[in-house]
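Below: one structure, written as C-alpha cells.
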Amino acid sequence: MPEAWIIDAARTPRGIGKAGQGALSSVHPQRILSTVLKALEERNGLTARDVDDVIIGCFAQTDRQAGCIARQAVLDAGWGPETPGFTVNRYCGSGLTAVNSGVMGIWSGAQNLVVAGGVEQMSGVASVSGPTLFDCGNAHLRAMHAQTHQGICADLIASMAGVTREDLDTFAYHSQQRAAAAIDQGAFKRSTVPVYHDDGSLALDREEYNRPGTTIERLGSLKPAFADMLDVVLDADGLTYRQLLERDYRDVQVSHVHHGGNSSGIVDGAGAVVLASPDYARANGLKPRARIRGIATAGGSPELMLNAPAPAARKALQSAGMTVNDIDLFEINEAFAIVPLMFMRELDVDHAKVNVVGGAIALGHPIGATGAILVGTLLDELERRDLATGLVTLCTGGGMAPCAIIERL
C-alpha cells in the first residue's frame, strides 16, 4: 500500500463561541477556514491547482456554514476554480473523518495531494439544532434506538462505571493546568495562525477560551448541567429524555456529575492538514513531518453514544500491526471528562500520555474542526518531546468514533 504523508498542519486559535462575545463570532466561517488554507499554501509553497480535493468536516451545515463550505472557503482563499472541495459530517468526528478520507484517497493511488480539515462557528450557527438532534423526530428510529442528549449519556456512563464527580473534576483541573503550561511554553505557536477581519484588523491570535485560574474548589461549586434536561419535552406527545433513558436503563441510578467545567467548551475555529503521496512530495520539494500508520472508524451503542473511542483505537492499532504500548502520546477529545477517563481505563493507558497539553475542556471543541486540530496538536507535541507515534480519536453523535495513528518522519 502506498504511504500517505503529513506535510503540515495549521489551525486558528479557538474563540469563545458566543455571538457578540467571541473574537471570531463576527468573522464569516468561510473566512475562518480560508485563513487556514492560505496559511498552509504560503508556508509550504503549495500549488493550489495540484490539490486533488479539499475535504472539510462541518457539523452544522446551515446558515453561514451552508452551501458546501469546503468549496466556498477554497474560493475565498483565492485558490481559483480548478481546486474542488466537499464537506462531510460525522458530528464531533467530522474533522478527523475528513483527514482519514484524504488518507484513503492517497492510499488508493487516486490522489496525490489533499488538504483535509474542519471548521465550526458555534457562535453564529446553531450547532445543536433542537432537542431531537439525533433522530430528528423519526418515530420509527426512536422506537429502535432511544437516543438521548449527549450530556445525559455522559452522566449515565459515569454512573454505570462508578466514576465520581471528584474524578471528573480532577481530570478537568489537569486539563486546564496542562493547557496553561502549554500556552506559556509556546507549544501551539507552530500550528496556530492569526485571523483577521475583512478590513485587515486583527480578530484573534491567541486561545480565548481557556481559564488558567481554574481550581478544584471552583469546579466543585458548579451546578450539574444536564439534570434539568431530563424533563425536556421532545414532541407533541410529551415524550421526554427521561422516558427515553428509562426505556433501556430504568434500573440505573443516574448521578449528574458533568457541568460546564468538566465538559468541552463552546468555541469557534478551524484547522487543516496537508496530505501527500511520497512521489508527489519528493517531486515538488515537500518535506514530510509524519506518515499515517493506521486509520479506523468504529460504531457503538447510540443509546450510550460516547463509548466508541476505545473500540476505534483497537481497530486502528490492529490495522497498523501495533499495540497500545507502541503509542507515545494520545489525543482523546474531551467532549466530556468521562470520555478520556473511560478510554484510559479500557486500554490501560497512563494519564501522563493523554492530552498532555490539555484538551477541549480547557481549550474548547469547535465540533467539525476538532479532529483536524488534534492531528496538528499531536504532531507538534511529538516533535517538541522528540517522540515517535501518536493516536487521536473522538466520540461522536450516534455512537461512533474515527481514529488515526501517526508516526513522525
Any idea which residue in the range 193-244 is surrounded by the fewest Cβ atoms within 10 Å (Cβ to Cβ), counting only those that are small (Gly, Ala, Ser) and in contact (Cβ under 8 Å) with a residue 12 or more places away in the chain?
Gly220
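Please determine whether any residue of the range 47-64 is β-branched (Val, Ile, Thr), open to solvent by 10 Å² or more (accessible area, probe 1.4 Å) and under 25 Å from Leu202 (Cβ atoms). Write out each step before concluding.
Filtering the range 47-64 for residues β-branched (Val, Ile, Thr) gives 47, 51, 54-56, 62.
Right, trim to open to solvent by 10 Å² or more (accessible area, probe 1.4 Å) and you get 47, 62.
Retained after the next criterion (residues that are under 25 Å from Leu202 (Cβ atoms)): none.
No - not one qualifying residue is present in the range 47-64.
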Residues of the range 249-294 being surrounded by fewer than 21 Cβ atoms within 10 Å (Cβ to Cβ), over 30 Å from Ile106 (Cβ atoms) and among the small types (Gly, Ala, Ser), in sequence order, are Ser255, Gly260
Inside the range 1-18, can you point out the residues that are open to solvent by 10 Å² or more (accessible area, probe 1.4 Å), under 18 Å from Arg282 (Cα atoms) and not in a strand (DSSP E or B)?
Met1, Pro2, Glu3
Here's a check for you: in the range 312-336, which residue that is surrounded by 23 or more Cβ atoms within 10 Å (Cβ to Cβ) and either in contact with a Phe, Trp or Tyr (Cβ under 9 Å, 6 or more places away or on another chain) or of a type in the set (Asp, Glu) (or both) is nearest to Thr170 (Cα to Cα)?
Glu334
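In this structure, does Leu341 turn out to be in contact with a strand residue (DSSP E or B) (Cβ under 6 Å, 6 or more places away or on another chain) and in contact (Cβ under 8 Å) with a residue 40 or more places away in the chain? Reasoning before the result, please.
On the way: in contact with a strand residue (DSSP E or B) (Cβ under 6 Å, 6 or more places away or on another chain): no; in contact (Cβ under 8 Å) with a residue 40 or more places away in the chain: yes.
Against the criterion (in contact with a strand residue (DSSP E or B) (Cβ under 6 Å, 6 or more places away or on another chain) and in contact (Cβ under 8 Å) with a residue 40 or more places away in the chain), Leu341 does not qualify.
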Kindly state which helices (runs of 4 or more DSSP H) lie completely within the range 298-409 and contain at least 1 residues that are under 20 Å from Gly162 (Cα atoms) and either in contact with a helix residue (DSSP H, G or I) (Cβ under 9 Å, 6 or more places away or on another chain) or of a type outside the set (Val, Ile, Thr) (or both).
309-320, 338-347
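Matching residues to (1) under 15 Å from Thr214 (Cα atoms); (2) touching a helix residue (DSSP H, G or I) at 6+ places or on another chain (Cβ under 9 Å); (3) among the hydroxyl-bearing types (Ser, Thr, Tyr):
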{"residue": "Ala146", "(1), (2), (3)": "no, yes, no"}
{"residue": "His149", "(1), (2), (3)": "no, yes, no"}
{"residue": "Ser175", "(1), (2), (3)": "yes, yes, yes"}
{"residue": "Ala179", "(1), (2), (3)": "yes, yes, no"}
Being within 23 Å of Ala60 (Cα to Cα), modelled with pLDDT of 95 or more and among the polar types (S, T, N, Q) narrows it down to one of Asn355, Asn307, Asn325, so name that one.
Asn307
Subset of the range 24-37 (residues that are open to solvent by 10 Å² or more (accessible area, probe 1.4 Å) and either closer than 20 Å to Gly376 by Cβ or touching a helix residue (DSSP H, G or I) at 6+ places or on another chain (Cβ under 9 Å) (or both)):
His28, Gln30, Arg31, Thr35
List, please: which pairs have Cβ atoms under 7 Å, are six or more places apart or on different chains, and start with a residue in the range 62-90 that is under 28 Å from Gly398 (Cα atoms) and end with one that is of a type in the set (Asp, Glu) and not in a loop (DSSP other than H, G, I, E, B)?
Gly85/Asp53; Phe86/Asp53
Keeping to the range 174-207, report how many residues are part of a loop (DSSP other than H, G, I, E, B) and either over 17 Å from Arg31 (Cβ atoms) or among the small types (Gly, Ala, Ser) (or both).
11
What single numbered condition from (1) within 17 Å of Val274 (Cα to Cα); (2) open to solvent by 50 Å² or more (accessible area, probe 1.4 Å); (3) of a type in the set (Gly, Ala, Ser) fails to hold for Gly67?
(1)
On the basis of being in contact with a helix residue (DSSP H, G or I) (Cβ under 6 Å, 6 or more places away or on another chain), closer than 30 Å to Leu244 by Cβ and aromatic (Phe, Trp, Tyr), does Phe86 make the cut?
no
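Of all the residues that make up the range 311-320, how many are free of Cβ contacts under 8 Å to residues at least 60 places away in the same chain and over 9 Å from Arg293 (Cα atoms)?
Start the filter on the range 311-320 by keeping residues that are free of Cβ contacts under 8 Å to residues at least 60 places away in the same chain, which leaves 314, 318-319.
With over 9 Å from Arg293 (Cα atoms) added as a condition, the list becomes 314, 318.
Here the count works out to 2.
The values are calculated or read from the model by the stated rules, or taken from the named source; none is laboratory data. The model shown is predicted, which means the values in this text are computed figures rather than measured ones. Don't worry about glycine lacking a Cβ; one is built from the backbone with ideal geometry, like all the others, and counts go over all protein chains shown. Heads up: the accessible areas ignore ligands, DNA and RNA and are worked out on the full protein's heavy atoms, side chains in. Shrake-Rupley method; radii C 1.70, N 1.55, O 1.52, S 1.80 Å.
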